[in-house]
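The values are calculated or read from the model by the stated rules, or taken from the named source; none is laboratory data. Because the structure is predicted, anything quoted here is derived from the model rather than measured. FYI the Cβ positions are ideal-geometry reconstructions off the backbone, even for glycines, and counts take in every protein chain you see. Side chains included, ligands, DNA and RNA excluded: accessible areas come from the protein's heavy atoms. Shrake-Rupley method; radii C 1.70, N 1.55, O 1.52, S 1.80 Å.
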Amino acid sequence: MLDAESLRNAVVDVALRGGEMLRHHFGAARGVRTKTSRYDLVTEADEAIEAELARYIQRQFPGHAVVGEEDISRRVLSGQAGSREGAVAQAAGEREWEWLIDPIDGTTNFIHGLPIVATSVAVMYHNEVLAGAVFNPIQDELYVAVRRHGAALNGRPLRVSAEDALARSLLATGFQYDAVEGKRVNLDLFRAVLAEARNVRAIGSAALSLCYVGAGRLSGFWELRLGPWDLAAGTLVVREAGGRVTRLDGGAFDVWQPSVVATNGRIHDALVTLLKEAGRGL
């Protein structure tokens, strides 16, 4: 079993490697194409970074599994799984040690040259996230969290915001398309929350949005359809900074399930209640 310092060093090492590759490719996105739907974008850089990080992890930690966004897409496209949800279910708990990596969280931002992008890395043991790192190399921000050892940004301890009312809270969310119907998902929830909160942002990177909650820049974040690679590191940052994380319905959070509500804790119940009311039938 790796100790806390070893876990921290391991996830930071991998995140920095991925981030440096991201920095190298930033501003020159090549090979942009779609994956499982016309709204699901990937670039040559996504695939190259994930492949390199997977090889590196498996050299350093033989026997550890690596689950990445592009790996899941390949399982679907190759017919190993009938859907993304099925592929994620296949990957869950495949081995006692699993790494969850997103080479470029914020691919659409990356394609358009927006500097809100990051490499997200987490390591799990028996389905429990023990350590995570999210690195935005363009803004030189490294978020790190280790279970029961706190969270930090560039070495400075993090603490969630003190806001205790939605009316004074800046929140964030994200919007996906329904791949079948071609409709934006989350608009009803967005309208409901926007009417009660100070404002709501769509940042374009779930991992960074979660880290911003941990850093106190946002008081909350929710999203309906995310992958475990989006969630693992950032949710640990929120928790270790004193925040709270649940599913959209307020139930116990599971990194392998797609929905998340992450807050400073003080506004959590109010936000979950609002989202449940607005999301009836989802």
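Listed residues A241, A270, A278; which is touching a residue at least 40 places away in the same chain (Cβ under 8 Å), in contact with an Asp or Glu (Cβ under 9 Å, 6 or more places away or on another chain) and over 29 Å from G86 (Cβ atoms)?
Numbers: A241 fails: in contact with an Asp or Glu (Cβ under 9 Å, 6 or more places away or on another chain); A278 fails: over 29 Å from G86 (Cβ atoms).
Testing whether each residue is touching a residue at least 40 places away in the same chain (Cβ under 8 Å), in contact with an Asp or Glu (Cβ under 9 Å, 6 or more places away or on another chain) and over 29 Å from G86 (Cβ atoms) leaves just A270.
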Quiz item: For the stretch 46-65, how many residues meet the condition of being at pLDDT 90 or above, within 16 Å of I104 (Cβ to Cβ) and open to solvent by less than 30 Å² (accessible area, probe 1.4 Å)?
Solution: 4
Quiz item: Only one residue in A202, A197, A152 is more than 30 Å from L7 (Cα to Cα) and open to solvent by 20 Å² or more (accessible area, probe 1.4 Å). Which one?
Solution: A202
Quiz prompt | Identity of the residue in the stretch 1-23, over 20 Å from T43 (Cα atoms) and among the acidic types (D, E), that ends up surrounded by the fewest Cβ atoms within 10 Å (Cβ to Cβ) | solution = D3
Quiz item: Which residues, counting only those in the stretch 261-282, are out of contact with any Lys or Arg (no Cβ under 6 Å at 6 or more places or on another chain), farther than 14 Å from F190 by Cα and part of a strand (DSSP E or B)?
Solution: A262
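Look at the stretch 155-178 and say how many of its residues are over 17 Å from V238 (Cα atoms) and either surrounded by 14 or more Cβ atoms within 10 Å (Cβ to Cβ) or of a type outside the set (K, R) (or both). Break it down stepwise before answering.
Of the residues in the stretch 155-178, the ones over 17 Å from V238 (Cα atoms) are 165-168, 174-178.
From what is left, the residues that are either surrounded by 14 or more Cβ atoms within 10 Å (Cβ to Cβ) or of a type outside the set (K, R) (or both) are 165-167, 174-178.
Total satisfying the criteria: 8.
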Quiz item: Which one is most open to solvent (accessible area, probe 1.4 Å), of the residues in the stretch 244-266 that are in contact (Cβ under 8 Å) with a residue 60 or more places away in the chain and either out of contact with any strand residue (DSSP E or B) (no Cβ under 6 Å at 6 or more places or on another chain) or under 23 Å from V66 (Cα atoms) (or both)?
Solution: R266
Quiz item: Is it the case that some residue within the stretch 94-110 is out of contact with any strand residue (DSSP E or B) (no Cβ under 8 Å at 6 or more places or on another chain), modelled with pLDDT of 90 or more and either open to solvent by less than 60 Å² (accessible area, probe 1.4 Å) or closer than 28 Å to F26 by Cα (or both)?
Solution: yes
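Out of the residues in the stretch 111-149 meeting the condition of being charged (D, E, K, R) and in a strand (DSSP E or B), tell me which one is surrounded by the most Cβ atoms within 10 Å (Cβ to Cβ).
Here is the first cut: in the stretch 111-149, the ones charged (D, E, K, R) are 128, 140-141, 147-148.
Filter once more, keeping what is in a strand (DSSP E or B): 128, 141.
Details: E128: 10, E141: 17.
If we take residues in the stretch 111-149 being charged (D, E, K, R) and in a strand (DSSP E or B), then E141 is surrounded by the most Cβ atoms within 10 Å (Cβ to Cβ).
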